[in-house]
1. Between a first residue in the range 15-42 that is among the aliphatic types (A, V, I, L, M) and a second residue that is in a helix (DSSP H, G or I) and modelled with pLDDT of 60 or more, which pairs have beta carbons less than 6 Å apart while being 6 or more apart in sequence or on different chains?
2. Considering only the range 345-423, give the helices (runs of 4 or more DSSP H) lying wholly within it that have at least 2 residues that are within 25 Å of I328 (Cβ to Cβ) and under 41 Å from the mean Cα position of the chain (by Cα).
3. Give the residue, chosen from F69, F104, that is closer than 20 Å to K135 by Cβ, among the aromatic types (F, W, Y) and touching a helix residue (DSSP H, G or I) at 6+ places or on another chain (Cβ under 7 Å).
4. Just give me the residues in the range 217-239 being surrounded by fewer than 19 Cβ atoms within 10 Å (Cβ to Cβ) and either over 17 Å from P192 (Cα atoms) or not aromatic (F, W, Y) (or both), in sequence order.
5. Residues in the range 156-172: is at least one basic (K, R) and outside any helix (DSSP H, G or I)?
6. Considering only the range 65-103, state which residues are surrounded by fewer than 18 Cβ atoms within 10 Å (Cβ to Cβ), within 21 Å of D38 (Cα to Cα) and of a type in the set (A, V, I, L, M).
7. Looking only at the range 170-187, which residues are over 16 Å from S202 (Cβ atoms) and either in contact with a strand residue (DSSP E or B) (Cβ under 7 Å, 6 or more places away or on another chain) or touching a residue at least 24 places away in the same chain (Cβ under 8 Å) (or both)?
8. Name the pairs whose Cβ atoms lie under 6 Å apart, with the first residue in the range 221-242 and small (G, A, S), the second surrounded by fewer than 17 Cβ atoms within 10 Å (Cβ to Cβ), and 6 or more positions between them or separate chains?
Amino acid sequence: MGKMYFYTLMLFFTLTFYSFCQSNSWIEIKEAKAFMIDGNYQDAISILNSLILNDSSNTDALYYLGLNFQALSNFNKAAGILYQAVRIKPNDSKLLYSLGDNYFSSGLINQADTVLTKANSIDPGNIDIQILLAKVLINEKQWLNAASIYSLLIAKDTSNSYFYEQAAKCQSEFGNIDQAISLYITANRLNPRNLNTTLELSYLLYLKKKYYPAIMVVNNGLKYYGLTAILYSRKADIYMKLEDYTEAVVNYNAALFYGDTSAENYKNIGISLYWKGLEETTANDFHSAINFLEHSAEINPKDAVTYFYLGALYKGFKEYSKSLNYFIKASEILKDPFLGNTYVQIGAVYQLEGKFKNALENYQYALQENPSDKSTLFYIGNSYDKLKNNKMALFYFKKFIKESPNGDKKLLVFAKSRIEALK
């Protein structure tokens, strides 16, 4: 009976002491949290280290200590501490989330994926875990897996525009453009002030050639961001596709007014003025186009398209030396099918100057670069004709007619007349 009383008394004192320690521990953790809120991380760390020194299995102290080091951007130290806590409580979703967050913040994406996937399986209804896991999956370019998580989040909260926006991004990156557009439309309706959603939605509509809906999206965005250059640039790009060069000029200039002084914007203004000038036959537009394009070339001297349009403009003004110089610059830069057209233009300038050998050489380069453009056969034949090489002229004129029966009517008529004359 005495022994039983003794053991009962000892158990009472042990539990009382344990309860007191626990109570004391929570008081100190509460104090450490207060220091954390005030940004006094070192004071918080000191208290928590003291607690862990007394009890290395205190996962609450380890948890808050890890958060302190994470707040100080000491991710390696934080990871070690949080991992220690997870080893003690391997199925604690809060600890797993914090460790995954630390891995993600420090760029250890694969480790974050592993930890957060486990946390999500333990606590599948935890929105914070799902949002962070989706971010990790996006970083890993696991677009459909991330999209499936955002679909679950949307089901929980249909009013959250962020979930729709991120789901749209995933679908867009995976190539499901129609689904992305649908999701972006909802995100844009829920939050029309989100500039990124406006830009992404208008761009995807632009890609799908839904130009007028794209303009409507941009115009709606301009209600909230009327001083934003990129929206005017986007609108101008759409008008260029619609071949409405007047509106394109207006909007590219608006982008310039609101701060877009990039070489690309100067180039776009110049190009739209060039096409506007061709439509309206206005020399003023051509002169203005040259000014903008030359300014673009000063900022970015490695843009072949800028030089190509400058060459075309100076050719129109019969300033052949400048024209040729710009076309040659373009040809030196270009490494795509556009190069063939540039060689044709160089050849045309040489032809106008009466330098038929140089013209022939560039037409031959053009044919090599872009053999699908059968009109080049005519220009080669014409160059041989000018050089009095009747045999080669006949060969290329006939080849042009044979391979391009539905080509430019004027060129076909002229080629046929030259064949009759050279026989």
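1. Partner pairs satisfying both residue conditions: I29/D60; A32/A44; A32/I47; A32/L48; A32/Y64; M36/A44.
2. Here the list reads 356-369, 375-386.
3. Numbers: F69 fails: closer than 20 Å to K135 by Cβ.
The conditions single out F104.
4. Selection gives N219, N220, L222, K223, G226, L227, I230.
5. Here is the first cut: in the range 156-172, the residues basic (K, R) are 156, 169.
Then drop every residue that is not outside any helix (DSSP H, G or I), which leaves none.
No, there is no match, as no residue in the range 156-172 is basic (K, R) and outside any helix (DSSP H, G or I).
6. Answer for the range 65-103, where residues must be surrounded by fewer than 18 Cβ atoms within 10 Å (Cβ to Cβ), within 21 Å of D38 (Cα to Cα) and of a type in the set (A, V, I, L, M): A71, L72.
7. First pass over the range 170-187, keeping only residues over 16 Å from S202 (Cβ atoms): 170-171, 173-176, 179.
Of everything in the range 170-187, those that are over 16 Å from S202 (Cβ atoms) and either in contact with a strand residue (DSSP E or B) (Cβ under 7 Å, 6 or more places away or on another chain) or touching a residue at least 24 places away in the same chain (Cβ under 8 Å) (or both) turn out to be C170, Q171, E173, F174.
8. Matching pairs, first to second residue: A229/Y258; A229/G259.
The values are calculated or read from the model by the stated rules, or taken from the named source; none is laboratory data. It should be emphasised that the depicted structure is a prediction, and the values quoted were computed from it without experimental measurement. Neighbour counts are summed over all protein chains in view; Cβ atoms, including those assigned to glycine, are modelled from backbone coordinates with ideal geometry.
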